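Asker: Sharing a structure below in structure tokens format, with a few things to ask.
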Amino acid sequence: MIDKVTPHITQNEPLLFERSSPGKKAYQLPELDVPEVDAAEALGAENVRAEIAGFPEVSEVEAIRHFTRLSTWNFAIDYGMYPLGSCTMKYNPRINEQAARTEGLAWAHPYQPEALAQGCLEVMATLEAALAEITGMDAVTLQPAAGAHGELTGILLIRALLEKRGNPRKKILIPDSAHGTNPATAAIAGYAIENIKSSETGVLDVAALEQIVNEDVAALMVTNPNTLGVFENNIAHAAEILHGKGAMLYMDGANMNALVGIARPGDFGVDVMHLNLHKTFSTPHGGGGPGAGPVAVKKVLEPFLPAPRLKKSGKRWAWDYRRKHSIGRVKAFYGNFGVLIRALAYILAHGGPGLRNATMDAVLNAVYIRKRLEAYFDLPYQSPNMHEVVFSDDRQAAKGVRTGDFAKRLIDYGFHPYTVSFPLIVHGAMMIEPTETEGKREIDQFIDAMISIAKEVETDPQLVKTAPHLTRASRVDETTAARKPILRWKPA
Amino acid sequence: MLAACGVNSPEELFQHLPEAVRLDRPLDLPPGISEYEIVQYFRDRAGDTALGYASFLGAGVYNHYRPVLVDTVVSRGEFLTSYTPYQAEISQGTLTTIFEFQTMICQLTGMDVANASMYDGSTAVPEAAMMAVRATGKGRVVVARNVHPEYREVLHTYAKYQGMPVEEFGYASETGGIDLEDLERKMDDLTAAVIIQSPNFFGIVEQVKAAAEIAHKRGALLVVVFTEAVSLGILEPCPDADIVAGELQSFAISPSYGGPYAGIIATREKFLRQMPGRLAGQTTDSRGNRAFCLTLSTREQHIRREKATSNICTNQALIALMATVFMTVYGKQGLRELARQNLAKAHYLAGKLDLRFSGKYFNEFVVRAPETINKELLKKKIIGGLPLGRFYPELKDCMLLCATEMSKRADMDLIASHAAKPQAQPQEVIA
């Protein structure tokens, strides 16, 4: 029945603290070549701690086995298809990892003299230029650490510009299909949020937008293609409406992987946007980070970008700190440089034509999945999709199986689940994004698994509702975890 | 596949995009290059850096040895190429290591709970301030001038639009520690948080207890920031702090020209619900075995949207894992031994130089020395200290130096030969 996986043996492994025994060690330090210092004298006896109570004590082989065994309890892109919609789980090329570890770059100190950091600055300048070309924008800052951080930077830029024009305005408009970070960001930037309902076709309702936009509106935050995977066909018109009232258009670039080489936000009226380098540009998610969230802007917003900015004087790059209109820093130093290296390596490897091909493959894969699955699942929005497709669990729910249960059963078939219950405008959403990484064979296996589970729902819904059955951990009790939080280990 | 999609070419899949928005030319980027060429490209860039130089820079980013095990573990595809562990059943590896990370951060800081990481130390500071605002219902923050200057800049950026006034208080010119009288003056009953750093930006161990008393007397929380995590191997964490916001770069995270690093926030149990960021918690699976999952997500943006405690989503999981492996490798004895070596090296170098402040210091210190010595040292492939005039005009004749276990005695002697302290004048003895 199950084509792809059979369970493999994983070993039990206690927590580090349970493994510890006094006196074991995994470290080596060289002999001290200077005289010892009395800690109590140097630091004040009251400032010196007795010990780090509870800290682990293990040998080197125990340490490597510990982490290796734990690692086998994870699913990963390296194991198979990871079709999390909106998260863009594409292959993470290993050359990127090696590039980021190049010694002179990995060991560069952010305060080393600029004359001795030219290689770093060159990498950053090259990436800035490439991202400006890809997005069709005029200037890029690489400082933000992740997508949500980029959003905050972008909204603060808008706020600074509007303030300079005399009125920062009061609210940000956000479609009901948006990522949760959008409203959270607007709130942190001091704005009220007004939700706008999507149209019946799952896109921005421009007529409704026209009614709402007034002098109180600072910006519209829109994801394009949106979280249904549908291109916002009226985006240019929306930009005109906003600009007509002195408001700005912010684009969440989480789905930029559907557009690279095909269309550029700068060409369809976007004033400011962020990119997630850990999505579109293949840097690894690493179990939840690090990311990088560069922000690209039109000329009018450039003076407000975070300081410092890269500047070329003669043949040398330098940091320009004298930026009187800057919103200030959003992060110490210059950005997640190690992530920036990886993204540039990806861009260099693909080149212009390769990036465009990746976009086309990503969209082809998603459209193919849609075509092959639409007979089995409810498709609430019929508009053409791009890099992802969102079904609902409508038909399966009739048998008492919800999207979350269905997703858990996918695990038994050797796939990571799709994104569950998002976007919120689709009840019981099943959001599938294959990325360009997957070949036809893996995708067909995924499709077969989806169809097979849909049949199980008809014949044996209980089997699906209690999945996964083949994992090391069975269904995890998240309710108890939240009700009685245990957030650290303590000795028994 | 094209046939199944009902098209003849992939281009047709984009026909529904309005003509006007479609790019009508190829991207102006060079064609792709091979793996070998990419390696060479970055090696060439690295040739135009400080490769081969010894460095005595600290100031929030430290040169510590990275045990080989760290990259061995984080290079495993299971950790490297997995997403945020929302699907607990197939993410127990990541979740267990986060739980261990949270535990070790609590053990190090003496706090009750710690989150799964923030972007870095600098962004952890405004997050801690906003947390204090939520916890106290007050709106104002005071921050010491000897907190890392770039961290303060980030705090000001975040605070500006939130109706969160930020005021700075001074440091004592003699000791380099916070000026308690100035702190007392800047306090009022609307203050939500007092933010100090220990060891502070000048490397001086702060008077945390005294600051806590002043903060608590006015109903404010004390936020203690750290940038040099190795100091926690030997320094007593302050039991009177309410929130600890720190940077773990010292724990096997490459300097990497400023990032990616990993920040943390740790706090008291009673402030748990105000904490930003992800948390892993212990529970059981349906067979009754111990298991872990992300928890208390009703604080977070994907559930609470505009009412969330923070907008943070992606954090620094893999970097936090580096720190976890580092803490495991060094362990209880090793971290202390490492801290002792740092202390010894710094005191060896500082002992030969003209110290600006009298406060107790760990592995960084401010010396009076003209910027010109850095030029001399560069000729010998040594990067000297950070000239402080750029951040503190009153310290324009001073620089911040750092010595770690990586600092060689010969290099330190060389620095001393360029910047030795003036010969001590015979002092008059007052009977």
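The values are calculated or read from the model by the stated rules, or taken from the named source; none is laboratory data. All of these numbers come straight from a predicted model, not from anything done at the bench. So basically every Cβ, Gly included, is an ideal-geometry build from the backbone, and we count neighbours across all protein chains shown. Protein only, heavy atoms only, side chains kept; ligands, DNA and RNA dropped before computing areas. Shrake-Rupley method; radii C 1.70, N 1.55, O 1.52, S 1.80 Å.
Asker: How many residues does the range B:29-45 hold that are crowded, with 18+ Cβ neighbours inside 10 Å and within 29 Å of the chain's Cα centre (by Cα)?
Answerer: Within the range B:29-45, residues that are crowded, with 18+ Cβ neighbours inside 10 Å and within 29 Å of the chain's Cα centre (by Cα) number 2.
Asker: Then there is this: Could you check the range B:38-51 and list, in sequence order, the residues that are facing another protein chain (nearest Cβ under 8 Å) and either touching a residue at least 60 places away in the same chain (Cβ under 8 Å) or in a helix (DSSP H, G or I) (or both)?
Answerer: B:Ile38, B:Val39, B:Tyr41, B:Phe42, B:Arg43, B:Asp44, B:Arg45, B:Ala46, B:Ala50 - these are the residues of the range B:38-51 that are facing another protein chain (nearest Cβ under 8 Å) and either touching a residue at least 60 places away in the same chain (Cβ under 8 Å) or in a helix (DSSP H, G or I) (or both).
Asker: Go through the range B:14-34 and give me each residue that's more than 7 Å from every other protein chain (Cβ to nearest Cβ) and assigned to a helix (DSSP H, G or I). First the steps, then the outcome.
Answerer: Step one: filter the range B:14-34 for residues more than 7 Å from every other protein chain (Cβ to nearest Cβ), giving B:15, B:19, B:24-25, B:34.
Correct list: B:Glu19 only.
Asker: Now, a different point. State yes or no: is A:Gly266 of a type outside the set (Asp, Glu) and without any contact (Cβ under 8 Å) to a residue 12 or more places away in the chain?
Answerer: No; evaluated as a whole, the condition is false for this residue.
Asker: Could you please find all residues in the range A:34-71 being at the interface with chain B (Cβ under 7 Å from one of its Cβ atoms), open to solvent by less than 20 Å² (accessible area, probe 1.4 Å) and in a helix (DSSP H, G or I)?
Answerer: Selection gives A:Ala39, A:Ala42, A:Leu43, A:Ala63, A:Phe67, A:Leu70, A:Ser71.
Asker: Separate question: Which one of A:Glu128, A:Glu97 is of a type outside the set (A, V, I, L, M, F, W, C), under 15 Å from A:Pro284 (Cα atoms) and in contact (Cβ under 8 Å) with a residue 12 or more places away in the chain? Give the steps one after another, and end with the answer.
Answerer: Details: A:Glu128 fails: under 15 Å from A:Pro284 (Cα atoms).
The conditions single out A:Glu97.
Asker: Further question: Look at the range A:473-492 and say how many of its residues are at the interface with chain B (Cβ under 7 Å from one of its Cβ atoms), assigned to a loop (DSSP other than H, G, I, E, B) and of a type in the set (A, V, I, L, M, F, W, C).
Answerer: Filtering the range A:473-492 for residues at the interface with chain B (Cβ under 7 Å from one of its Cβ atoms) gives A:473-478, A:480-482, A:485-489.
Okay, now just the ones that are also assigned to a loop (DSSP other than H, G, I, E, B), so A:473-475, A:477, A:485-489.
Of the ones still in play, those that are also of a type in the set (A, V, I, L, M, F, W, C) are A:473, A:486-487, A:489.
Final tally of qualifying residues: 4.
Asker: Determine whether the range A:226-241 contains at least one residue that is farther than 30 Å from A:Thr88 by Cα, open to solvent by less than 30 Å² (accessible area, probe 1.4 Å) and in a strand (DSSP E or B).
Answerer: Looking through the range A:226-241, none of the residues is farther than 30 Å from A:Thr88 by Cα, open to solvent by less than 30 Å² (accessible area, probe 1.4 Å) and in a strand (DSSP E or B).
Asker: If you take just the strands (runs of 3 or more DSSP E) that sit entirely in the range B:240-358, which of them hold at least 2 residues that are open to solvent by 40 Å² or more (accessible area, probe 1.4 Å)?
Answerer: Working: elements: B:243-247, B:263-267, B:280-284, B:290-294.
Qualifying strands (runs of 3 or more DSSP E): B:280-284.
Asker: Now for a different question. Out of curiosity, is B:Arg66 in a helix (DSSP H, G or I), open to solvent by less than 70 Å² (accessible area, probe 1.4 Å) and within 19 Å of B:Gly259 (Cβ to Cβ)?
Answerer: When the stated conditions are applied, B:Arg66 does not pass them.
Asker: Here's a follow-up. Could you list, in sequence order, the residues of the range A:4-18 that are open to solvent by 30 Å² or more (accessible area, probe 1.4 Å) and in contact with a helix residue (DSSP H, G or I) (Cβ under 6 Å, 6 or more places away or on another chain)?
Answerer: A:Lys4, A:Gln11, listed by residue number.
Asker: In addition: On the given criteria, is A:Ala449 more than 25 Å from the chain's Cα centre (by Cα) and not in a loop (DSSP other than H, G, I, E, B)?
Answerer: So A:Ala449 fits the description; yes.
Asker: Filter the range A:130-172 down to residues that are among the small types (Gly, Ala, Ser) and over 15 Å from A:Ala343 (Cβ atoms) and give me whichever is surrounded by the fewest Cβ atoms within 10 Å (Cβ to Cβ).
Answerer: If we take residues in the range A:130-172 being among the small types (Gly, Ala, Ser) and over 15 Å from A:Ala343 (Cβ atoms), then A:Gly166 is surrounded by the fewest Cβ atoms within 10 Å (Cβ to Cβ).
Asker: Here's a follow-up. Take the range A:302-319 and flag every residue that is open to solvent by less than 30 Å² (accessible area, probe 1.4 Å) and among the charged types (D, E, K, R).
Answerer: A:Arg309
Asker: Here is a check on your reading of the model: is A:Gly335 at positive phi, buried (at least 24 other Cβ atoms within 10 Å of the Cβ) and either under 18 Å from the mean Cα position of the chain (by Cα) or not hydrophobic (A, V, I, L, M, F, W, C) (or both)?
Answerer: Yes: the conditions hold for A:Gly335.
Rundown of residues vs (1) in a helix (DSSP H, G or I); (2) among the aliphatic types (A, V, I, L, M); (3) touching a residue at least 12 places away in the same chain (Cβ under 8 Å), yes/no style:
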residue: A:Gln382; (1), (2), (3): no, no, yes
residue: A:Met386; (1), (2), (3): no, yes, yes
residue: A:Lys408; (1), (2), (3): yes, no, yes
residue: A:His416; (1), (2), (3): no, no, yes
residue: A:Pro423; (1), (2), (3): no, no, yes
residue: A:Met431; (1), (2), (3): no, yes, yes
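Asker: Could you please let me know if A:Asn365 is touching a helix residue (DSSP H, G or I) at 6+ places or on another chain (Cβ under 7 Å) and either polar (S, T, N, Q) or open to solvent by less than 20 Å² (accessible area, probe 1.4 Å) (or both)?
Answerer: Yes.
Asker: Go through the range B:69-88 and give me each residue that's of a type in the set (D, E, K, R), touching a Phe, Trp or Tyr at 6+ places or on another chain (Cβ under 8 Å) and either over 13 Å from B:Leu321 (Cα atoms) or open to solvent by less than 60 Å² (accessible area, probe 1.4 Å) (or both).
Answerer: B:Glu78
Asker: For residues that are under 23 Å from B:Gln207 (Cβ atoms) and of a type outside the set (Lys, Arg), scanning just the range B:132-144, find the one that is surrounded by the most Cβ atoms within 10 Å (Cβ to Cβ).
Answerer: B:Ala132
Asker: Looking at A:Leu364, is it of a type outside the set (S, T, N, Q), within 9 Å of chain B (Cβ to nearest Cβ) and within 27 Å of B:Tyr36 (Cβ to Cβ)?
Answerer: Taking the combined requirement at face value, the residue does not satisfy it.
Asker: For B:Val230, are the conditions met, namely being touching a strand residue (DSSP E or B) at 6+ places or on another chain (Cβ under 7 Å) and either modelled with pLDDT of 95 or more or not assigned by TED's automatic domain parsing to the domain that holds B:Gln102 (or both)?
Answerer: So B:Val230 does not fit the description; no.
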